[in-house]
Structure formats: structure tokens, C-alpha cells
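Presented below is the structure to which this report refers.
The values are calculated or read from the model by the stated rules, or taken from the named source; none is laboratory data. Predicted model, so just to flag it, every value in this text is computed and none were measured. Here Cβ is always computed from backbone atoms with ideal geometry, including for glycine, and neighbour counts include all displayed protein chains.
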Amino acid sequence: MKKLIIRNLKLRKSSLILYLILLIISPIYHLFIDKNTMIGGFFYSIIAAIIMLISLFDCGNAFRLQFKLGGNKAYYFNHSLPFSAKEQTDAHYLTTVIMSLAGALILLCYYDIPASGEINGVNMTTPLFFIAINLIGHAIAFPKCSEIRRDFIPYWGFVVVMNLIMPFVITFAMFGVVRITKPMKMTDSFINNFINGAGVLLLILSLAFFSFTYLKQLRRIKKTKQLH
């Protein structure tokens, strides 16, 4: 399985190299870059664009890995390799976790850069939200096997739903809470706590769904006698 994980990470080496560069320059960014100056604003804009792209496109790490492995058509080829079905499943799930945590670390390092939409200056795409989206994507798009994606859940559709529609749903829910509980006001503290709370709840649900799908796939492997 170790060889499979290394292979998977090599397939995502461009993202990992970008993460490493951003991690190295993050202290320089916080100490020396002032976005209110012309030069600082220029570098800030570049970094902000990269962070936004990471938030958008790396929210579907399971999709991106599957593309690198050849998509649905490469299922039989992948399973002709000298690795058990369990090893391949474990490697796919662990790769999703590793890439999700790596991306979340970058978002955390650049916490003051909005990764997507904002409400009163509060960033809606938190590191927890980013991890949760990745885990949910793996679970709902690859329920039977990590090498076969559901045809009706395309990568771009997933990106749009999770980065555009989901924030709107959270925003409407927040306004609904404020409307129901009239004494509460839409303060920055309330917005921040609500978004963080939604991120924690979504992460818990995604972990449960992710784990359930993984165990379901292991059970299926055992039934088909693919377990070595």
C-alpha cells in the first residue's frame, strides 16, 4: 500500500510542490508583504489568486486523482496491478485525507486571504470546510469503488455546488437563525461563530459519511473475495 500512496502523491506532485512553496513563503508574506503598498498589493493579488484556485479546484481531490489514474475506463487496468483491492482502496482514501489536510494547512497559513465568498469580512471557506468538502466528495462520487466515479456527479458540477451553492445555503440558514431568534444581531462575532460551527458540523457529518462508505467498500471487497 505504501507504494500506491507514493504513486498517488507523485501524480499530484504539482499541487504538493505548490503547497510546499506557499508554506515556505508564508512567513515572508506575513512579515513583509503589505497589501496597501503597490509592490505588496501586487504580490498579495498573486497569492490571493492562488489561494482561491486551491480552494476551488482542490476541494475535489478524489476526482483529480481519479483523472490522473485514467478515469472510469482504467478500472480494469488498475485492478490488474499486483495490489489487492483493499490496498488500492486504502491508498485512495489515505491520499484524499493527506491532500485535504495539506490544502487545509495552506488555507490556515493564509487565513487573512479570502478563499471564496465573505460575509462582513468573514471568510466562508474555512480549513474545516475545505476538509469536509473533500471527504464528502469522495464518499458521494465514489460510493462503490474509489476508481469508479458516478457519471451524474462530474467534477465541475461538484466544484460549482460546493463553492457557489453551498455558501448560499449556509448564508440563508444564518439569516434564518437570526430571523427566528430576533434578539440575536448579525455581528461579525455571530457570523464567525456560525460559519465555524457550520464547518465543525459539516466535518463531523463528512467524517461519518466518509467512514461509512469506506467500511461499505471493504465489506464489498470481502464478499467478492478480492481481499488477499
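Being in contact (Cβ under 8 Å) with a residue 40 or more places away in the chain and of a type in the set (Gly, Ala, Ser) is the filter here; which residues of the stretch 20-60 pass it?
Those that are in contact (Cβ under 8 Å) with a residue 40 or more places away in the chain and of a type in the set (Gly, Ala, Ser): Ser26, Ala48, Ser55, Gly60.
Among the candidates Ile50, Ile98, Ile21, single out the residue that is more than 17 Å from the chain's Cα centre (by Cα) and either surrounded by fewer than 18 Cβ atoms within 10 Å (Cβ to Cβ) or not acidic (Asp, Glu) (or both).
None of the other options fit; the residue is Ile21.
How do the pairs read when you match residues in the stretch 195-209 that are under 11 Å from Phe129 (Cβ atoms) with residues anywhere that are of a type outside the set (S, T, N, Q) and modelled with pLDDT of 85 or more, using Cβ under 6 Å and keeping only pairs 6 or more apart or on different chains?
Matching pairs, first to second residue: Gly199/Leu128; Gly199/Phe129; Leu202/Ala132; Leu203/Leu128; Leu203/Ala132; Ser206/Ala132; Ser206/Leu135; Ser206/Ile136.
Counting residues that are modelled with pLDDT of 85 or more, which helices (runs of 4 or more DSSP H) fully inside the stretch 140-228 reach at least 2?
155-160, 188-223
Check off (1) among the hydrophobic types (A, V, I, L, M, F, W, C); (2) surrounded by fewer than 19 Cβ atoms within 10 Å (Cβ to Cβ); (3) more than 12 Å from the chain's Cα centre (by Cα) for Phe142 and give me the number that stays unchecked.
Only one criterion in (1) among the hydrophobic types (A, V, I, L, M, F, W, C); (2) surrounded by fewer than 19 Cβ atoms within 10 Å (Cβ to Cβ); (3) more than 12 Å from the chain's Cα centre (by Cα) is unmet by Phe142, namely (2).
Any residue in the stretch 148-162 that's within 11 Å of Gly137 (Cβ to Cβ): show its pairings with residues that are modelled with pLDDT under 95 and surrounded by fewer than 14 Cβ atoms within 10 Å (Cβ to Cβ) at Cβ separation under 7 Å, as long as the two are six or more apart or on different chains.
That search, which allows pairs on different chains as well, returns Arg149/Asn72.
Enumerate the pairs (first residue in the stretch 94-115 and more than 26 Å from Asn36 (Cα to Cα); second residue anywhere and in a loop (DSSP other than H, G, I, E, B) and not small (Gly, Ala, Ser)) with beta-carbon separation below 7 Å, excluding pairs fewer than 6 apart on the same chain, so at least 6 apart or on different chains.
Partner pairs satisfying both residue conditions: Met99/Arg12.
Please go through the stretch 65-93 and pick out each residue that is under 22 Å from Asn163 (Cβ atoms), crowded, with 19+ Cβ neighbours inside 10 Å and touching a residue at least 60 places away in the same chain (Cβ under 8 Å).
Gln66
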